[in-house]
1. Identify, by number, the condition in (1) free of Cβ contacts under 8 Å to residues at least 40 places away in the same chain; (2) hydrophobic (A, V, I, L, M, F, W, C); (3) in contact with a strand residue (DSSP E or B) (Cβ under 9 Å, 6 or more places away or on another chain); (4) under 18 Å from C125 (Cα atoms) that M168 doesn't meet.
2. Pull out all pairs, ordered by first then second residue, where Cβ-Cβ is under 7 Å, the residues are six or more apart or on different chains, the first lies in the range 128-139 and is in the same structural domain as L65 (by TED's automatic domain parsing) and of a type in the set (A, V, I, L, M), and the second is part of a loop (DSSP other than H, G, I, E, B) and crowded, with 18+ Cβ neighbours inside 10 Å.
3. I need the full set of residues from the range 25-35 which are in contact (Cβ under 8 Å) with a residue 40 or more places away in the chain, touching a helix residue (DSSP H, G or I) at 6+ places or on another chain (Cβ under 7 Å) and under 16 Å from V114 (Cα atoms), in order please.
4. Consider S163 against the criteria (1) in contact (Cβ under 8 Å) with a residue 12 or more places away in the chain; (2) in a helix (DSSP H, G or I): it satisfies all of them except one. Which criterion is unmet?
5. Being over 18 Å from the mean Cα position of the chain (by Cα), more than 14 Å from T106 (Cβ to Cβ) and outside any loop (DSSP other than H, G, I, E, B) is the filter here, so list the residues in the range 206-225 that pass it.
6. Which condition number does G150 fail, the rest of (1) closer than 23 Å to R21 by Cα; (2) in contact with a Phe, Trp or Tyr (Cβ under 8 Å, 6 or more places away or on another chain) being met?
7. Restricting to the range 174-197, give me the number of residues that are under 19 Å from the mean Cα position of the chain (by Cα) and part of a loop (DSSP other than H, G, I, E, B).
8. Just to check your reading of the model, which residue among G172, G90, G144 is loosely packed, with under 15 Cβ neighbours inside 10 Å and under 26 Å from H220 (Cα atoms)?
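The values are calculated or read from the model by the stated rules, or taken from the named source; none is laboratory data. Keep in mind the model is a prediction, meaning the values are calculated, not measured. Every residue, glycine as well, gets a Cβ built from its backbone with ideal geometry; the counts of neighbours run over all protein chains shown.
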Amino acid sequence: MTRHVSKRVEVSEADGVVRLRLNGGRDGNVLDTSTVEELTRAVEDASERSARVLVLSGAGDSFCLGADRREMKKMFHTSELEATARLLSGNASELCQSIERFPGVTIADLHGKVIGAGLVLALCCDLRVAHERSTYLLPELVLGFPFSWGGALSRLHAELGSSVVREMVILGRQLSAEEAQRKNIVHFHGKADEVESTVNRAIARCSRYPPSAVAEFKRHLDSCRRGLLPEGSLALEERALVNKFRNIQ
């Protein structure tokens, strides 16, 4: 096993599985500029090394407390407001896209509080497994902050649907892990040992899949999420078949 610990992100790798763990220390796991950039580099590095599975988790009491609002307030005390907004949103979008484009299977291992941008980050993953006491919250309206983290609202809508997003945002209600599973925010919730077992079983299963098939499936599904018309979807299916049979000739 190889292991690397940076200021904000712990990286370990073994047998084609890369684990990234947010480690924000005493302040908790928040998505400040440094963390977003480090996490993006770690995901892209895992992709370049052809890792088959990527597991994202958080150290400490919670998976992620969202964007760093203190940093945002400091950064916006400037005359270059538009440039600052582009920088923050652009960095977040780059991170989300790097996870979505990862050619293997991505798994979010969730515990404690999953708030705002932290929830958006988790929703970028293919599979989401939650500890039974984890909670989920989108407090932007309550705090008076816009949804401006890497295309957050479009990603929330695409993954959860407008009805669930309206309920979470307008009411500002915190959801339990059980409620989150009913609303398709997570795919499984349970006790700590059950979560660990579920993650390990998913890793074992997904590691056996042909990498090219996984990557093709994810590209096709992403095109559907982006509203590709059936004709375009058929073209992707045809290309996938051609690629498949070209590889076995």
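1. (4)
2. V129/V186; A130/V186; L138/G116
3. L31 - this is the single residue of the range 25-35 that is in contact (Cβ under 8 Å) with a residue 40 or more places away in the chain, touching a helix residue (DSSP H, G or I) at 6+ places or on another chain (Cβ under 7 Å) and under 16 Å from V114 (Cα atoms).
4. (1) is the only condition that S163 fails.
5. S212, A213, E216, H220, C224 - these are the residues of the range 206-225 that are over 18 Å from the mean Cα position of the chain (by Cα), more than 14 Å from T106 (Cβ to Cβ) and outside any loop (DSSP other than H, G, I, E, B).
6. Here G150 clears every test but (2).
7. Count: 5.
8. After applying the criteria, what remains is G90.
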